[in-house]
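Have a look at the structure below before the remarks.
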Amino acid sequence: MGRFIEGCDRREVQLLPDCVDDYVAEDSQVRVIDVFVDELDLSALGFGDAAVTGRPGYHPATMLKLYLYGYFNQVQSSRRLEREAGRNLELMWLTGKLAPDFKTIADFRRDNGEAIRASCHQFVVLCRELGLIAGGTVAVDGSRFKAVNTRDRNFTPGAIRRRMEQIEASIERYLGLLDTADRQEDEVAQVRTTRLGERLEALRRQMRELQEMERVVKDAPDRQISLTDPDARAMASSGKGTGLVGYNLQAAVDAGSHIIVAHEVTNVDHDRSQLANMGRKAREAIGSNELTVLADRGYFSGVEVLACEEEGITAICPKPLTSGAKADGRFGKQDFRYEQAADSYRCPAGETLPRRFTTVEQGLRLHAYWSSHCGACTIKQQCTTGKERRIKRWEHEHVIETMQARLERMPDAMRVRRRTVEHVFGTIKDWMGRSHFKTRTLEKVGTEMSLHVLAYNMKRAINMLGAPKMIAAMQG
């Protein structure tokens, strides 16, 4: 081995042992974690103090550093963190060679959820003070993350019905096999009959359990039950058979720095009610009075857009094209021009549709418009199959029209949204190993996601400034 670089002898005695600090580079990311936690006011954030009696516990700073390092390096399990603390030189440097057991590590995350979420917010404040957050525009999106709960342990009326149908088909198949076995008199047939009888009994037992679960699901508030994680919910997706049981992560990402300025974990499988909520959270985190929020069609809701307008938040969200008439090849509502001065619509044939009456549907005040000349119209077949074509207009429709006009003046708005926010979810899911959350219930999952977001934001900030500048800025 004379032509190769040789290492030191493992059994050689060192008279002057190496210093642990020598193994950690000056620009190492672990030094940023160390300084960030040391600069936090842990008591003000809500971390618990030391016990007055009994054996002394680990300092919250040590435990937070341990968790941050773990989420920084895709090590989220408390058992794996326990092993790493005893063999990883960077962790030995970070924790002073302390190696808490996995139960202590897990209990810290469980008992300090609110304080951990506050630490995540504090780093966003730090990024804002360092000028890393532009603050004018954020992109909002949601993504589904798997819960500990599997699909087999989640029950909805549809899932129960499908499972019952499968069991009924299996019972019919086994009954046919049992009839065939009964017509045979050899010893093998008798063994087969016994085995088939046991399987039939197991299937009937499963059917009874499903019938009982059907009654429980019917009485549940949202008609859904998850046995492993009671807060996890079935999340639909566009692909057939690709749904999952989990949570919906809402994130607002700064368009300039791609730092997550606000996030929230929900167990609602749609985004329609989150536009104003995420806009308010993002504006509070950024500390700016003016904010533009970019969102996709899944967030569109007239009520939410109006709420943003009232809050002084500029929302840009495409309106879904849900017109049945347009899908059938007829004129859609967008082909009718609203004339504000006369409070009427002008149809493609040039006729005026005056306002006839006002109604309330699903809590919204809607004005109805139609013309009396539809019967004699030469292009009626292209417009309606009824007696006349009726147009309904929400009393705050002008807010939607103003937003659509903004979107037309910003043709690249949705491209900006995609490149700003969508890669964030892919990155975090990769860090999770495309696996599920380690914790259960909405509150604990929210804490776990805050650690992911804090690790992501910290890596992003280091990539923008560099570790030495980050350390100097935090200590300055």
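The values are calculated or read from the model by the stated rules, or taken from the named source; none is laboratory data. Note that the structure is predicted; figures quoted are calculated from it, not measured. As a convention, Cβ positions derive from the backbone with ideal geometry for all residues, glycine included, and neighbour counts pool all protein chains shown. Just so you know, the surface numbers come from the protein's heavy atoms only, side chains and all, with ligands and any DNA or RNA stripped out. Shrake-Rupley method; radii C 1.70, N 1.55, O 1.52, S 1.80 Å.
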query: In region 296-339, what count of residues is obtained for those that are polar (S, T, N, Q) and either under 11 Å from residue 275 (Cβ atoms) or at pLDDT 90 or above (or both)?
result: 2
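For every residue, the table says whether it meets (1) buried (at least 21 other Cβ atoms within 10 Å of the Cβ); (2) in a loop (DSSP other than H, G, I, E, B); (3) in contact (Cβ under 8 Å) with a residue 12 or more places away in the chain.
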| position | (1), (2), (3) |
| --- | --- |
| 44 | no, no, no |
| 49 | no, yes, no |
| 56 | no, yes, no |
| 63 | yes, no, yes |
| 66 | yes, no, yes |
| 80 | no, no, no |
| 83 | no, no, no |
| 94 | yes, no, yes |
Of all residues making up region 399-430, the number that are more than 15 Å from the chain's Cα centre (by Cα) and either modelled with pLDDT of 95 or more or assigned to a helix (DSSP H, G or I) (or both): 19
statement: When residue 358 is run through (1) at pLDDT 90 or above; (2) closer than 21 Å to residue 399 by Cα; (3) open to solvent by less than 30 Å² (accessible area, probe 1.4 Å), the failure sits at (3)
message: When the residues of region 131-155 are narrowed to those that are surrounded by fewer than 16 Cβ atoms within 10 Å (Cβ to Cβ) and closer than 28 Å to residue 465 by Cα, which ends up modelled with the lowest pLDDT?
response: 134
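Is it the case, given these coordinates, that residue 194 is among the β-branched types (Val, Ile, Thr) and open to solvent by less than 40 Å² (accessible area, probe 1.4 Å)? Before you say what the answer is, go through the steps one by one.
Values: among the β-branched types (Val, Ile, Thr): yes; open to solvent by less than 40 Å² (accessible area, probe 1.4 Å): no.
In short, no.
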- prompt: Do the conditions hold for residue 276, that is, is it small (Gly, Ala, Ser), crowded, with 18+ Cβ neighbours inside 10 Å, over 25 Å from residue 427 (Cβ atoms) and under 17 Å from the mean Cα position of the chain (by Cα)?
  reply: yes
- request: Answer yes or no as to whether residue 234 is among the aliphatic types (A, V, I, L, M) and assigned to a strand (DSSP E or B).
  value: yes
field: Single residue of region 330-341 satisfying the filter (in a loop (DSSP other than H, G, I, E, B) and either of a type in the set (S, T, N, Q) or free of Cβ contacts under 8 Å to residues at least 12 places away in the same chain (or both)) that is surrounded by the fewest Cβ atoms within 10 Å (Cβ to Cβ)
entry: 341
field: Only listed residue being closer than 15 Å to residue 316 by Cβ, of a type in the set (Val, Ile, Thr) and touching a residue at least 12 places away in the same chain (Cβ under 8 Å), chosen from 245, 265, 261, 253
entry: 253
- request: Please identify the pairs in which a residue from region 293-319 that is closer than 17 Å to residue 396 by Cα and touching a residue at least 40 places away in the same chain (Cβ under 8 Å) has its Cβ atom under 6 Å from the Cβ atom of a residue that is among the aromatic types (Phe, Trp, Tyr) and surrounded by fewer than 22 Cβ atoms within 10 Å (Cβ to Cβ), counting only partners at least 6 apart or on another chain.
  value: 302/394; 317/300; 319/300
message: For region 371-398, give me the residue count where each residue is out of contact with any strand residue (DSSP E or B) (no Cβ under 7 Å at 6 or more places or on another chain), crowded, with 18+ Cβ neighbours inside 10 Å and in a loop (DSSP other than H, G, I, E, B).
response: 2
- request: Check region 270-283 and report whether any residue there is charged (D, E, K, R) and assigned to a loop (DSSP other than H, G, I, E, B).
  value: yes
message: Being aliphatic (A, V, I, L, M), closer than 24 Å to residue 401 by Cβ and buried (at least 24 other Cβ atoms within 10 Å of the Cβ) is true for just one of 282, 295, 307. Which residue is that?
response: 295
query: Any idea which of 234, 220 is within 14 Å of the chain's Cα centre (by Cα), over 18 Å from residue 293 (Cα atoms) and surrounded by fewer than 24 Cβ atoms within 10 Å (Cβ to Cβ)?
result: 234
message: Yes or no: region 18-29 includes at least one residue that is in a helix (DSSP H, G or I), over 23 Å from residue 438 (Cα atoms), open to solvent by 80 Å² or more (accessible area, probe 1.4 Å) and touching a residue at least 40 places away in the same chain (Cβ under 8 Å).
response: yes
message: on the phi > 0 side of the Ramachandran plot and charged (D, E, K, R): is that true of residue 215 in this structure?
response: no
task: Tell me which residues, restricted to region 428-469, are hydroxyl-bearing (Ser, Thr, Tyr) and open to solvent by less than 10 Å² (accessible area, probe 1.4 Å).
output: 447, 450
